[in-house]
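Notes follow the structure.
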Amino acid sequence: MNRPLLIRNIAAREYLDIFIISAASSIVLLRFYLSVMGYPSIGGEKYHIAHMLWGGVLMVTAFVLNFAFLGNRIQRMVALLGGVGFGVFIDEIGKFITRDNDYFFRPSVGIIYAIFVVLYITTTFLTREQKLTSEEYQLNALRSLEEAIHHDMDRHERSAARQLLSHARQSDVLTQ
């Protein structure tokens, strides 16, 4: 039997939406903060610790949490932290595409906008409505059972798990 390399996550749209919204929001809030504060510099006169590095730290933190913990709550937190980290990171794109490290490079806003458009289109493509395989329905239902084991599964989550299993191959022992 030919098994797919990647198993689609039925909750991907929620996580990707959190990621995109938190990334865009972090850019707006960061630029507002920097403007109000007069573009302060962390690191003294000799050094400048760019906020891009803080974005990298947040993204690495999101990766570590994703690898270390299971469950829907942590996935939402990972999407949020990763999104904020990405937003803080990508905000400094002007510094890295100009020879003079120009944070205020005017086309940066358009480039950031284009990145978000591509990210949104990619998200829409990855989460488009399509029939999953029986195995994908089973695996997504199994992931939802994490809530049951943690004694936090409400009737809506239970109904959603049953709905997923109703789309899986009914003759399969796992589905039953």
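Rolling a 1.4 angstrom probe over the chain with all protein chains present gives an accessible area of which 67% lies on carbon and sulfur atoms. Looking at segment 1-116, the accessible area is 67 square angstrom per residue; that uses a 1.4 Å probe and ignores ligands, DNA and RNA. For segment 45-108, the C-alpha radius of gyration divided by 2.2 N^0.38 Å, with N the number of residues, is 1.37. Put simply, the convex hull of the Cα atoms in segment 1-127 casts, on average, a shadow of 10.4 nm². Summary value for segment 1-156: 29 percent relative contact order, contacts being C-alpha pairs under 8 angstrom separated by 6+ residues.
Taking Cα atoms only, the orientation of helix 12-37 departs from the longest principal axis of the chain by about 20 degrees. Note on M37 and T61: with the Förster distance fixed at 35 Å, the Cβ-Cβ geometry gives a FRET efficiency of about 0.90.
Against the chain, whose longest principal axis is taken from its Cα atoms, helix 134-149 shows a tilt of about 80°. Largest first and in whole Å, the equivalent-ellipsoid semi-axes of segment 67-176 read 41, 17, 10, each the square root of five times a Cα gyration tensor eigenvalue. Taking each DSSP H run with n ≥ 4 as -39500 (n - 2.57) and averaging over every residue of the chain yields -22000 deg cm²/dmol at 222 nm. Sparse packing (at most 14 other Cβ atoms within 10 Å of the Cβ) combined with a DSSP loop state is found for the following chymotrypsin sites (Phe, Trp or Tyr not before Pro) in segment 27-123: Y47, F69, F104. Remark: segment 1-73 carries a charge dipole of roughly 220 debye about the Cα centre, counting +1 on each Lys and Arg Cβ and -1 on each Asp and Glu Cβ.
In this structure, the amide hydrogen of G71, modeled 1.01 Å from its nitrogen in the peptide plane, lies closer than 5 angstrom to no residue at least 5 positions away or on a different chain.
The values are calculated or read from the model by the stated rules, or taken from the named source; none is laboratory data. Just so we're clear, the structure is a prediction, and the values are computed from it rather than from any experiment. Note: ideal-geometry Cβ built from the backbone for every residue, glycine included; neighbour counts use all protein chains shown. Note: areas computed on protein heavy atoms with side chains; ligands, DNA, RNA excluded. Shrake-Rupley method; radii C 1.70, N 1.55, O 1.52, S 1.80 Å.
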